[in-house]
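Contents: one structure, followed by commentary.
Every number in this text was worked out from the coordinates using simple rules, so none of it is lab data. Just so it is clear, the model here is predicted, and its values are computed rather than measured. Please note: Cβ atoms are built from the backbone with ideal geometry, for glycine as well, and neighbour counts cover all protein chains shown.
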Amino acid sequence: MSLSQIITLSLVEIVGDFAFKEYANRGGILPLSIGIVGYIGVCTMLVISLQGSTVLLVNGAWDGTSALLESLAAYIFLGERFESPTQYLGLGFIIAGLYLMKIPLYSTKEFVMPKFFSK
């Protein structure tokens, strides 16, 4: 797992989430399709990120990074705001937590496509 893999995983999730929000509120085959493709991308990036790492580290890094990036995207693109300044402080704690997790910048293991059938 690397920081770039986790950021990519989070960005793909944002695409799926925003599309599903559009579908949930307005309907339409295009937002539904984009949401489904987005979550196929999430599954793909999750497999890539988990190879050679632990669920504990990948999940923590993904949750924190996703919370930050999706909050930033919702703030910029959707105009959403928190109701209390302490909620912004909570995002600061997420940043501190990600720093303390010491997420590697680069993956130390090259990705190998898993086999569909094991022996």
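Report, in order of residue number, the helices in the chain meeting two criteria: a C-alpha extent of 20 Å or more along the helix axis, and a mean Kyte-Doolittle hydropathy of at least 1.6; treat each whole DSSP H run as one helix.
Once both thresholds are applied, what remains is 29-50.
Counting only the backbone N, which residues of segment 30-61 are under 17 Å from the spot 7 Å out from the Cα of Phe111 toward its beta-carbon?
37-55, 58-59
Stokes-Einstein diffusion coefficient for the chain at 10 °C in a medium of 1.306 mPa s, Rh from the Kirkwood formula over Cα pairs: what value in µm²/s?
Roughly 101 µm²/s, to the nearest whole number.
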